[in-house]
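**Q** The following block contains the structure, expressed as structure tokens.
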Amino acid sequence: MTKLLEMKDRLIRFYSKYETYLFPVVKFAVALSLFCMINTNIGFMEKISSIPIALILALVCAVLPVNAMIWIGAILVLADMYALSMEVAATTLILFAVLFFLYFRFSPKDGIVAVLTPICFKLNIPYIMPVGCSLLRSAYSVIAVVCGTVLYYFLYGIQQNAATLMNVVENEDTTSKFDISVGQLLSNKEMYLVIAIFVVTAIVVYVVRRLEVDHAWTLAIISGALIEIAGLFVGFLVLGITGKTVWLLVGNVLTMLIAFVLQFLFMNLDYDRTERVQFEDDDYYYYVKAVPKKMVAVKEVTVKHFGNTASMGKRIDHSRPVPTPEEEETSRRVIAQELDIDEDLLK
């Protein structure tokens, strides 16, 4: 454990020292992952669906605020939808308007959450988002998770129905275009199930981790994982969705591992050294429970100054070339104290 605490301490110092450079690198990596995901799944406009374009846009996002990724990603999606169909692009625009209203109204500072959610869906570990957000951020962060979830299922539905939409486009049936683009979203029962479970998980994790009990974060992590496993497993059985049980279990195991890493980094408490303090003022009587964080013990280093004759110089007259016996005795005594040795050794 000491080695892990030392690594954590070095990591924190390293990030604090190079934060100015590391955060843009993180934004670049996240933005590049998002744009590559968009190009891979719905890259209907070939002119903008290329790696060089994704790299350039990711570099731009690295120097802009986090919300720039959302705006640029939305523009890419709208361009791809326009290349597929004007009606699909209109449906996407309406959907973005609703999602942007929810996002900027309730969680405008959680842009990284909204971007990471569809990426985690693609990696089959979306279950970490409601758990991680409730551990590290406010309860309103679940709104960003919901927006990212809706976006993923909408884009996934468009990808699955791309062939049908192209056939409809050729026949120029405007009504059918709207029906397919809107219907694949509104009739997606799996999406509603996932959103409901994510919201419940986020609320439970947030409430539990704020309880005044020992190991609150551990209880919150386990509670969140169990709710997701039980809720989604039962929901999949009711809806008749098959083939997702294995990834449900694997994804939640990975979620717990990642969540415990977050706990180690941000809330690693030493409950064995818990202290309870009582004090009062003119108006209140206070009961305080203090739980210290696990920290690496700082080694005390004693620095010895050899040959420091500053104090000695105040008592020795340097105007004479040869010191008197009394001055020699004073010099030996001072040097012996500085070196922590027997004075007789200097005779």
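The values are calculated or read from the model by the stated rules, or taken from the named source; none is laboratory data. These numbers were taken from a predicted model, which means no experiment stands behind them. Ideal geometry is used to build each Cβ from the backbone, glycine not excepted, and the neighbour counts take in all protein chains shown. Just so you know, the surface numbers come from the protein's heavy atoms only, side chains and all, with ligands and any DNA or RNA stripped out. Shrake-Rupley method; radii C 1.70, N 1.55, O 1.52, S 1.80 Å.
**Q** Only one of VAL115, VAL98, VAL142 is out of contact with any Gly (no Cβ under 9 Å at 6 or more places or on another chain), in a helix (DSSP H, G or I) and buried (at least 16 other Cβ atoms within 10 Å of the Cβ). Can you tell me which? Walk me through how you get there before you give the answer.
**A** Numbers: VAL115 fails: out of contact with any Gly (no Cβ under 9 Å at 6 or more places or on another chain); VAL98 fails: buried (at least 16 other Cβ atoms within 10 Å of the Cβ).
On inspection, the qualifying residue turns out to be VAL142.
Okay, residues lined up against (1) among the polar types (S, T, N, Q); (2) assigned to a helix (DSSP H, G or I); (3) modelled with pLDDT of 95 or more; (4) surrounded by 20 or more Cβ atoms within 10 Å (Cβ to Cβ):
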| position | (1), (2), (3), (4) |
| --- | --- |
| GLU170 | no, yes, no, no |
| ILE195 | no, yes, yes, no |
| PHE198 | no, yes, yes, yes |
| ASP214 | no, no, no, no |
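**Q** Let me ask you something else. Closer than 23 Å to TYR153 by Cα, open to solvent by less than 80 Å² (accessible area, probe 1.4 Å) and outside any helix (DSSP H, G or I) - does that describe any residue in segment 35-42?
**A** Among the residues of segment 35-42, not one is closer than 23 Å to TYR153 by Cα, open to solvent by less than 80 Å² (accessible area, probe 1.4 Å) and outside any helix (DSSP H, G or I), which makes the answer no.
**Q** May I ask you to verify whether GLY148 is within 17 Å of the chain's Cα centre (by Cα), in a helix (DSSP H, G or I) and buried (at least 18 other Cβ atoms within 10 Å of the Cβ)?
**A** On the way: within 17 Å of the chain's Cα centre (by Cα): yes; in a helix (DSSP H, G or I): yes; buried (at least 18 other Cβ atoms within 10 Å of the Cβ): yes.
Answer is yes for this residue.
**Q** For segment 258-298, name all the residues that are hydrophobic (A, V, I, L, M, F, W, C), closer than 19 Å to ALA216 by Cβ and surrounded by 10 or more Cβ atoms within 10 Å (Cβ to Cβ). Give the derivation first.
**A** Going residue by residue through segment 258-298, those that are hydrophobic (A, V, I, L, M, F, W, C) are 258-262, 264-267, 269, 277, 279, 288, 290-291, 295-298.
Applying the additional criterion that residues be closer than 19 Å to ALA216 by Cβ yields 258-262, 264-267, 269, 288, 290-291.
ILE258, ALA259, PHE260, VAL261, LEU262, PHE264, LEU265, PHE266, MET267, LEU269, VAL291 - these are the residues of segment 258-298 that are hydrophobic (A, V, I, L, M, F, W, C), closer than 19 Å to ALA216 by Cβ and surrounded by 10 or more Cβ atoms within 10 Å (Cβ to Cβ).
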